[in-house]
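Comments concern the structure below.
The values are calculated or read from the model by the stated rules, or taken from the named source; none is laboratory data. These figures come from a predicted structure and were not determined experimentally. No Cβ is skipped: glycine too gets one built from the backbone with ideal geometry, and neighbour counts run over all protein chains shown. Note: accessible area is taken over every heavy atom of the protein model, side chains too, but ligands, DNA and RNA are not part of it. Shrake-Rupley method; radii C 1.70, N 1.55, O 1.52, S 1.80 Å.
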Amino acid sequence: MAQVFAYITHKGGAADDSALELAAAAKKLGADAVTAVVTGTGGELDAVCKDMAASYKEVWKIDNAAMAYPNAEVVRKALVNVLPGDCLLLLPHDTFGIDLGPGLSIKMNSAYVSDVVAIDGLEGATLKVVRQEFGGAASTHMTVDTGAGAVVTLRPGSFAADESKSAGGQVVDKSGDAGDLTAKRKYLETVAAEVGDVDITKSDVLVSVGRGIEDQDNLQIVFDLAEAMKADVSCSRPIVDAKWLEKSRQVGTSGLTVKPKVYMAMGISGAFQHVGGIKGNPFIIAINKNPKAPIFQVADVGIEANILEFIPELTEKIKSL
Amino acid sequence: MEILVCVKRVPDTAENEISVSSAGNDIERGDLVYSVNEWDNYAVEEAIQIVDRVGGNVTVVAVGDDESEEILRREMAMGANDGLLLKDGAFDGSDGKGTASILKAAVGKGKYDLILTGAQAEAGAAQVGGMLAAMLDYPYASLVNKVEVIDDKKLKVGREIEGGNQEINEIELPCVLSIQTGINEPRYVGIRGIRKVASVEIPVMGASDLGLGADSVGAAGAKVKRVDYFVPEMGAGAEMLEGSTEEIIDKLVELLKAKGGLK
Ligand SMILES: Cc1cc2nc3c(=O)[nH]c(=O)nc-3n(C[C@H](O)[C@H](O)[C@H](O)COP(=O)(O)OP(=O)(O)OC[C@H]3O[C@@H](n4cnc5c(N)ncnc54)[C@H](O)[C@@H]3O)c2cc1C
Ligand SMILES: Nc1ncnc2c1ncn2[C@@H]1O[C@H](COP(=O)(O)O)[C@@H](O)[C@H]1O
């Protein structure tokens with residue numbers, strides 16, 4: 001079968017959690033040896049490569065100062081030059097994988113399938129995977145013709161990390177093959193997210209509201225409930241996009257990671273980018289008018305209700321205790 | 001600046017309860033409400049705002065069927081100057097690469113400095129923009145939440161990365177950007193706006209107009225195929241509280257007390 005590679009994202013000398021998830025996913029392809037490919041430069045890159053050799057039989061290191069920051073346009077060029085054209089390459093479906101994967105698949109003339117949540121297996125050159133559509137409301141099986149190679153991005157958290165660390169692998173320096181890395185996009189700087197007045201990452205109880213609240217004026221009922229419960233208010237992304245609440249209240253992969261004891265998701269559908277920000281295994285209560293909303297798959301307790309009617313009644317009850 | 005914005009007609013998830021059809025080969029499409037993909041609407045607004053600042057023209061393009069005309073018109077009512085519909089039976093069943101190939105051919109028929117797509121559409125693939133850029137050999141940036149025109153050769157763009165941090169890049173024109181929601185506040189489109197563009201002619205191009213061979217697009221050219229839709233067998237899932245609202249609230253209050261949700 002074609003060679004399988006896993007691209008390792010890392011920061012500050014440490015590999016991302018996805019590194020060991022890709023190792024686990026690669027096993028589902030039936031590959032007996034998977035090669036990690038790591039780009040970057042200097043001591044941090046060396047540290048990551050050494051670490052990855054515990055989990056991957058072989059680690060391809062591509063050291064170049066042009067990749068000190070992982071600019072996908074630069075990394076793409078290096079990978080096109082270094083990787084065999086017909087390989088299967090696994091990437092995390094995060095903001096870097098989304099940036100890199102589609103264009104890389106074109107330049108490698110490979111198939112592309114993104115945000116895979118499960119791998120059914122590889123039969124001959126046909127890869128069968130599971131994806132989700134409509135924010136998780138429907139799942140699909142997809143087949144991918146990997147005959148000329150494939151780039152596959154995997155949803156973070158969907159594959160249990162392979163923690164065995166028993167690969168005893170070796171690091172192979174491929175820096176000489178990287179080729180010309182000039183690109184028409186230049187990384188300048190990273191601007192840190194704004195800090196708000198409420199720190200939802202420290203809250204024990206979060207009353208979280210989504211697009212189901214329908215109107216900015218209706219937010220008052222959420223704040224009333226939070227006050228009665230002595231909880232803090234957080235929200236899903238559309239509430240922030242509409243500028244109804246500040247970004248520092250957004251839970252999710254592009255917002256904050258929270259770890260409360262109790263999380264009430266009200267009028268939130270349960271997209272993975274939202275749920276991905278809820279950590280520490282809290283008790284999740286979902287209130288949604290759609291009994292098929294994906295949030296009910298992750299919640300402990302569900303209530304099928306119209307939040308505009310339900311929330312005020314709940315607030316009254318709590319106030320009366 | 002000549003800007004092309006790629007827009008797709010999709011079932012509106014905020015308006016519909018999506019369910020898998022009994023045959024398992026599609027979702028129930030009977031009474032779905034369709035609209036323009038949420039991300040694309042932000043992309044069109046951004047294009048209009050850029051043109052307001054530096055001058056130019058906004059064209060919206062969709063690969064779709066006759067019904068996609070309605071969303072092109074909606075985006076023209078917002079302020080896009082031109083619409084273009086790419087329609088052909090041969091396009092049916094295209095995978096992401098097929099769609100990008102069709103759009104690439106359309107780009108070749110015009111002259112654009114900047115091409116915008118949404119970050120993702122209803123299938124969450126987030127692929128067409130990056131593929132299109134690579135096919136055109138243009139630089140690409142995904143998940144863009146800020147665009148600043150430096151001059152007619154360069155843009156400064158912000159990319160939204162994990163944790164809400166923003167990665168600032170300089171990118172050469174022509175380029176392709178995929179736009180993330182929240183970058184702006186898309187303007188409201190009223191009935192009057194729609195009426196104003198109701199009779200504007202929207203050109204249609206098919207495979208032969210675009211010089212596309214039938215095997216490079218559509219189902220024939222697709223390496224990635226959807227086999228079925230299904231409802232996954234869930235683990236435990238949520239325990240649904242049943243009863244009258246009063247009973248539900250009583251149960252919920254007990255649970256909140258037990259789990260430390262009420263102080
Ligand atoms: C790169 C990327 C990063 C992202 N990062 C994040 C992130 O950090 N956080 C985040 O939240 N999202 C994020 N998203 C967006 C995410 O994909 C979803 O679009 C978003 O989470 C949906 O928010 P929602 O559940 O509030 O809205 P919707 O999906 O529209 O759901 C609204 C829900 O409310 C229900 N409802 C409607 N009216 C009522 C009512 N009256 N009573 C009860 N229920 C009602 C509906 O049934 C529906 O389930 C990201 C997307 C991308 C592409
Ligand atoms: N059929 C289509 N017609 C026009 N643009 C499309 C089409 N499909 C995808 N796109 C564009 O590509 C973006 C990303 O879609 P996707 O890669 O399918 O998640 C969308 O937001 C659109 O801008």
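Of note:
- Checking each residue in region A:122-131 for being surrounded by fewer than 21 Cβ atoms within 10 Å (Cβ to Cβ) and part of a strand (DSSP E or B) picks out A:123, A:126, A:128, A:130.
- Residue check: residue A:135 meets all listed conditions (1) on the phi < 0 side of the Ramachandran plot; (2) touching a Ser or Thr at 6+ places or on another chain (Cβ under 6 Å); (3) assigned to a helix (DSSP H, G or I) but one, namely (1).
- As a summary of the residue check, residue B:250 satisfies the conditions (1) within 30 Å of residue A:300 (Cα to Cα); (2) at the interface with chain A (Cβ under 7 Å from one of its Cβ atoms) except for the one numbered (2).
- On inspection, residue A:196 does not qualify as over 21 Å from residue B:183 (Cβ atoms) and either in contact (Cβ under 8 Å) with a residue 24 or more places away in the chain or surrounded by 17 or more Cβ atoms within 10 Å (Cβ to Cβ) (or both).
- Residues (more than 8 Å from ligand 2 (Cβ to nearest atom) and open to solvent by 10 Å² or more (accessible area, probe 1.4 Å)) located in region B:120-142: B:135, B:136, B:137, B:138
- For region A:157-171, the count of residues that are surrounded by fewer than 20 Cβ atoms within 10 Å (Cβ to Cβ), more than 7 Å from chain B (Cβ to nearest Cβ), farther than 17 Å from residue A:8 by Cα and free of Cβ contacts under 8 Å to residues at least 40 places away in the same chain is zero.
- The numbered conditions (1) open to solvent by 60 Å² or more (accessible area, probe 1.4 Å); (2) facing chain A (nearest Cβ under 10 Å); (3) without any contact (Cβ under 8 Å) to a residue 12 or more places away in the chain are all true for residue B:185 except (3).
- Screening residue B:31 on (1) among the acidic types (Asp, Glu); (2) more than 16 Å from ligand 2 (Cβ to nearest atom); (3) in contact (Cβ under 8 Å) with a residue 60 or more places away in the chain; (4) away from chain A (no Cβ under 13 Å) shows it passes everything except condition (3).
- Residue count for region B:26-77 satisfying the condition of being in contact with a helix residue (DSSP H, G or I) (Cβ under 9 Å, 6 or more places away or on another chain), more than 19 Å from residue B:122 (Cβ to Cβ) and open to solvent by 20 Å² or more (accessible area, probe 1.4 Å): 4.
- Yes/no for residue B:260 being at the interface with another protein chain (Cβ under 9 Å from one of its Cβ atoms) and on the phi > 0 side of the Ramachandran plot: yes
- Hits in region B:76-105 (condition: closer than 20 Å to residue B:41 by Cα, more than 17 Å from the chain's Cα centre (by Cα) and hydrophobic (A, V, I, L, M, F, W, C)): B:77
- Of the residues making up region A:262-286, just one is without any contact (Cβ under 8 Å) to a residue 40 or more places away in the chain, near ligand 1 (Cβ under 9 Å from one of its atoms) and farther than 24 Å from residue B:230 by Cα, namely A:277.
- Inside region B:69-123, residues that are polar (S, T, N, Q) and outside any loop (DSSP other than H, G, I, E, B) make up a count of 3.
- Qualifying residue in region B:37-46 (condition: outside any helix (DSSP H, G or I) and either within 13 Å of another protein chain (Cβ to nearest Cβ) or within 16 Å of ligand 1 (Cβ to nearest atom) (or both)): yes
- Cross-chain or 6+ apart pairs with Cβ under 6 Å, region B:106-132 first and away from every other protein chain (no Cβ under 14 Å), then near ligand 2 (Cβ under 8 Å from one of its atoms) and among the small types (Gly, Ala, Ser): B:116/B:43
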